[in-house]
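Notes follow once the structure below has been shown.
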Amino acid sequence: MTATISPAAGGKSPERAIGSLSQRQLIWRSFARHRLAMASFYLLAVMYTLALGCEFFAPYSPQWKNLDFAYCPPQPLRFNLDHGLHVRNMRRSIDPITLKKNYVEDPADVIPFSFFAKGEPYELMGLFSGDRHFLGIDRASTRDPAAVPPFFILGADRYGRDILSRIIYGTRISLSVGIVAIAVNFILGISIGGVSGYVGGRADNLIQRTIEIINAFPQLPLWLALGASMPPEWSPLRTYFAITIVLSLLSWTGLARVVRGKLLSLREEDFAVAARLLGASHGRIIFRHLLPGFTSHIIVVLTLTVPAMILGETSLSFLGLGLRPPIVSWGVMLQDCMQMEVVANYPWLLFPLSFIVITVLCFNFVGDGMRDAADPYASR
């Protein structure tokens, strides 16, 4: 007769093991079970890695151009045992009737690739100098190392600039605008919502009426009006920070209401009353005792706000009211797609749009996963 060992005798039961985890461990455990959110999280990590090291990952600088290859179509990467990773060189011809450039791949003229290849010199984030790029032409394997032809994996624009390189450089601007705007949202939402929820009374009434007035304005037209008010002679850096402020002015109200609602429900709890009776300052009560109780909800709200910031910057830049050349962002790149004829003839100019869609979806999926993980004790 075999004896059965109960979970209590042989070890911790699953319920007891889960109960012994901290809140952070429970949140991460719940988030890790959301496969789509985890995949989106890793994809966003890759994008931010590209943004940090865009000089290294981009084959060319954003302003590099070759007018001989204007509107060159994408050259897809190929692989075989003879040449390894390579692309085929493009042969150019001009139509005598329409004067339009035509490009035809030459199967006999192969441009071999190698990792960590030498290319244009650069300064990584203005700190480190180098000339190695993540992917570049293997000059030693070309027919004439002194005259290496250019390559355009995602095609070229009207000035013969590499779209892939400009997308990678634009990643730094477009993603950082969202992060900087979220930082401003965090400061405004926490401070104003904290005063509204903790102090209450007339201050709460005044702040809530102000939030309702701000939310009554249509967001996009007001963004356009604020963007149009920026002088065109401003420097790129000044314009960049002005855009982040414009995007933040109308986006902090959602976080402020979340903070207010949570503080209204927590300020009369026993631990908060005990802290007041012990003489704790209002700032200590808010930031040490009340805010940690709903930090996960704040993170969720901020995560779901980032896509709106990215789309706002893209919209303003696309309409010429946000970032302007020589700054490279996804919205600035889409200015070339304003004419339907250009899009119909050169559809690869829409590649930045696909990066915008993927990024927004990833942030939404991560936000959904974090929202589900914010209550780790809920039954799934």
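In the set (1) in contact (Cβ under 8 Å) with a residue 40 or more places away in the chain; (2) assigned to a loop (DSSP other than H, G, I, E, B); (3) surrounded by fewer than 16 Cβ atoms within 10 Å (Cβ to Cβ); (4) not hydrophobic (A, V, I, L, M, F, W, C), the condition left unmet by D68 is number (2). Looking across the stretch 271-288, the residues that are in a helix (DSSP H, G or I) and either more than 32 Å from the chain's Cα centre (by Cα) or among the small types (G, A, S) (or both) come down to F271, A272, V273, A274, A275, R276, L277, H282, G283, R284, I285. Counting only residues that are closer than 19 Å to A203 by Cα and not in a helix (DSSP H, G or I), the stretch 241-270 holds 3 of them.
Conditions (1) without any contact (Cβ under 8 Å) to a residue 60 or more places away in the chain; (2) buried (at least 18 other Cβ atoms within 10 Å of the Cβ); (3) assigned by TED's automatic domain parsing to the domain that holds F355; (4) among the hydrophobic types (A, V, I, L, M, F, W, C), marked per residue:
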site	(1), (2), (3), (4)
G178	no, yes, yes, no
I190	no, yes, yes, yes
R202	yes, no, yes, no
I207	yes, yes, yes, yes
E212	yes, no, yes, no
P231	yes, no, yes, no
A272	yes, yes, yes, yes
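For the stretch 81-122, filtering for residues that are in a loop (DSSP other than H, G, I, E, B) and buried (at least 16 other Cβ atoms within 10 Å of the Cβ) leaves 1.
Tell me, yes or no, whether the stretch 342-354 has at least one residue that is of a type in the set (A, V, I, L, M), in a helix (DSSP H, G or I), crowded, with 21+ Cβ neighbours inside 10 Å and touching a Phe, Trp or Tyr at 6+ places or on another chain (Cβ under 6 Å). Checking the stretch 342-354: not a single residue is of a type in the set (A, V, I, L, M), in a helix (DSSP H, G or I), crowded, with 21+ Cβ neighbours inside 10 Å and touching a Phe, Trp or Tyr at 6+ places or on another chain (Cβ under 6 Å).
Against the test of being more than 24 Å from L319 (Cα to Cα) and in contact with a helix residue (DSSP H, G or I) (Cβ under 9 Å, 6 or more places away or on another chain), the options L220, L206, L226 yield a single qualifying residue, L206.
The values are calculated or read from the model by the stated rules, or taken from the named source; none is laboratory data. This one's a predicted model, so the numbers in the text were calculated from it and none came from an experiment. Heads up, the Cβs are rebuilt from the backbone with ideal geometry, glycines too, and the neighbour counts pull from every protein chain shown.
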